[in-house]
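Single-structure report; data block below.
The values are calculated or read from the model by the stated rules, or taken from the named source; none is laboratory data. Please read all numbers here as calculations on a predicted model, not as lab measurements. Quick reminder, even Gly has a Cβ in these numbers, built from the backbone with ideal geometry, and neighbours come from all protein chains shown.
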Amino acid sequence: MKFDVISILEKSDLLAYVERAGSTPRGNGGRYSCVCPLHGGADNPTAFSIYYEGDRWKWHCFTGDCGSGDAISFVQKWLGKDFKSACEWITGAQIEDAEGMKASAAARLEAAKIERIAAQKREEARRKELQVAERHLFYHNNRTQFHKDAWTQAGIDEGMQDFWTLGGCEDFTYYNKETEKYYHTPTMTIPIFNEENELMTIQHRLMNPINPKDKYRPDVTGLHFHPFLAVPAMGFDGDLVWVMEGAKKAMVTWIRSNPNWQCIGVMAQLEFRNVQERLKPVGRRVIVVPDPNSERNPNAFRLGYELAQAVGGRVLRLPAKPDDYFMQTSANENDLFRLYKQARKT
């Protein structure tokens, strides 16, 4: 078969591939949204976009490090294939035009490199703007008693709200790609810092979301998620390092723990993978506390176990989400340490 990337893309069916990968795109016309089939994140049905641009269908992941591209690049990432194998998988035929394939692959690689550099510059500019504006302080200083009470009810008193500069927004506007409409809601805001105490992003927890599964939005779009570090200066280390899904869970756990322990909240279950390398030096001092398995998140424990196994740590199975469980049982440092000792070694 002679290589022709245009004809291969014409034969491709990106929507069908995304469905086969496990997601259900919803929308109409030239744009669809769904949970990202590449990195998961079952609580965000608008994390992945499929749209028609120019002369082809394209995809983009907004919440992970999956990137973007066309049907060929999706097949490459989804099935772990190289460029040639992905093209052959789409066409069902062996491609023998080595020179044409090589030239096209090189051109696509260069175009992707240029776009990646441009995307990094856009992200750096957006983050710099967020840092200079000190938006987290605006939300913190302007939170109302309503927001303070909401945080207190979530297990974080006003003193700790000040410690993490938690805040609130009275009227946050967000776009829902499923309905293609804008909505208004009050939010609770969570600033997220890196080890150098640089503001990486601000999370908005929607208090009246249209879809209960779709609870979080960034203050500025186009920024990659960074794990929430209860004590940023400690980075990914501590006498014990607790890892769970969500910043709020990490905060509630740290309040009940030893100040020399670190609590880390990842933004979605499959984001566990993105902290593996940072946690390997900590090894056996890591304890992963995944959410319980549920109809919506049937693989919660497995994903947490895989992280604990990858770094040589422990995994703790609880009957409820960690923040709910620790609040219901009035757990303290001694209780948490006993749970750590009882946790399953991997």
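The criterion of being surrounded by fewer than 19 Cβ atoms within 10 Å (Cβ to Cβ) and without any contact (Cβ under 8 Å) to a residue 60 or more places away in the chain holds for F138.
Scanning the range 200-223 for residues that are farther than 18 Å from V266 by Cβ and modelled with pLDDT of 90 or more turns up L206, M207, N208, P209, D219.
Hey, among W89, W57, which residue is more than 21 Å from D214 (Cα to Cα) and touching a residue at least 40 places away in the same chain (Cβ under 8 Å)? Working first, answer last.
On the way: W89 fails: touching a residue at least 40 places away in the same chain (Cβ under 8 Å).
The unique qualifying residue is W57.
The residues listed here are A133, A125; of these, the one that is more than 23 Å from the chain's Cα centre (by Cα), within 30 Å of D171 (Cβ to Cβ) and modelled with pLDDT of 85 or more is A133.
Does T165 satisfy being crowded, with 19+ Cβ neighbours inside 10 Å and at positive phi?
Numbers: crowded, with 19+ Cβ neighbours inside 10 Å: yes; at positive phi: yes.
So T165 fits the description; yes.
Among the residues of the range 66-117, those identified as part of a loop (DSSP other than H, G, I, E, B) and aliphatic (A, V, I, L, M) are A93, I95.
Does N176 fit the bill of being over 22 Å from the mean Cα position of the chain (by Cα), over 30 Å from L339 (Cβ atoms) and not assigned by TED's automatic domain parsing to the domain that holds F272? Answer is no for this residue. Identification of strands (runs of 3 or more DSSP E) wholly contained in the range 138-240 with 2 or more residues that are aliphatic (A, V, I, L, M) and in contact with a Phe, Trp or Tyr (Cβ under 8 Å, 6 or more places away or on another chain) yields 181-193, 199-206.
Just for the range 43-95: of the residues that are β-branched (V, I, T) and in contact with a Gly (Cβ under 9 Å, 6 or more places away or on another chain), which one is farthest from L206 (Cα to Cα)? First the steps, then the outcome.
Of the range 43-95, the ones β-branched (V, I, T) are 46, 50, 63, 72, 75, 90-91, 95.
Those still in the list that are in contact with a Gly (Cβ under 9 Å, 6 or more places away or on another chain) too: 50, 63.
Values: I50: 24, T63: 17 Å.
Among residues in the range 43-95 that are β-branched (V, I, T) and in contact with a Gly (Cβ under 9 Å, 6 or more places away or on another chain), the one farthest from L206 (Cα to Cα) is I50.
Can you tell me how many residues in the range 125-135 are part of a helix (DSSP H, G or I), charged (D, E, K, R) and surrounded by fewer than 18 Cβ atoms within 10 Å (Cβ to Cβ)? Spell out how you get there, then give the answer.
Within the range 125-135, the first condition is being part of a helix (DSSP H, G or I), and the residues that meet it are 125-133, 135.
Keeping just the survivors that are charged (D, E, K, R) gives 126-129, 135.
Subset that is surrounded by fewer than 18 Cβ atoms within 10 Å (Cβ to Cβ): 126, 128-129.
Qualifying residue count, the range 125-135: 3.
Is there a residue in the range 269-279 that is outside the structural domain of A47 (by TED's automatic domain parsing), surrounded by 23 or more Cβ atoms within 10 Å (Cβ to Cβ) and either touching a residue at least 60 places away in the same chain (Cβ under 8 Å) or polar (S, T, N, Q) (or both)? There is at least one residue in the range 269-279 that is outside the structural domain of A47 (by TED's automatic domain parsing), surrounded by 23 or more Cβ atoms within 10 Å (Cβ to Cβ) and either touching a residue at least 60 places away in the same chain (Cβ under 8 Å) or polar (S, T, N, Q) (or both).
What helices (runs of 4 or more DSSP H) lie completely within the range 278-346 and have 1 or more residues being closer than 18 Å to L229 by Cα and either within 26 Å of the chain's Cα centre (by Cα) or among the polar types (S, T, N, Q) (or both)?
Values: elements: 300-311, 322-328, 333-342.
Output list reads 300-311, 322-328.
Among the criteria (1) surrounded by 24 or more Cβ atoms within 10 Å (Cβ to Cβ); (2) of a type outside the set (S, T, Y); (3) in a loop (DSSP other than H, G, I, E, B), the one N260 does not fulfil is (1). Filter the range 280-293 down to residues that are at pLDDT below 95 and either in contact with a Cys (Cβ under 8 Å, 6 or more places away or on another chain) or surrounded by 24 or more Cβ atoms within 10 Å (Cβ to Cβ) (or both), then give me how many there are. Total satisfying the criteria: 1. Regarding C87, is this residue buried (at least 19 other Cβ atoms within 10 Å of the Cβ) and at pLDDT below 90? When the stated conditions are applied, C87 does not pass them. Cβ-Cβ distances below 7 Å connect the following pairs, each with a first residue in the range 212-225 that is closer than 12 Å to P45 by Cβ, a second residue that is at pLDDT 85 or above and in a loop (DSSP other than H, G, I, E, B), and a separation of six or more residues or different chains: K215/P209.
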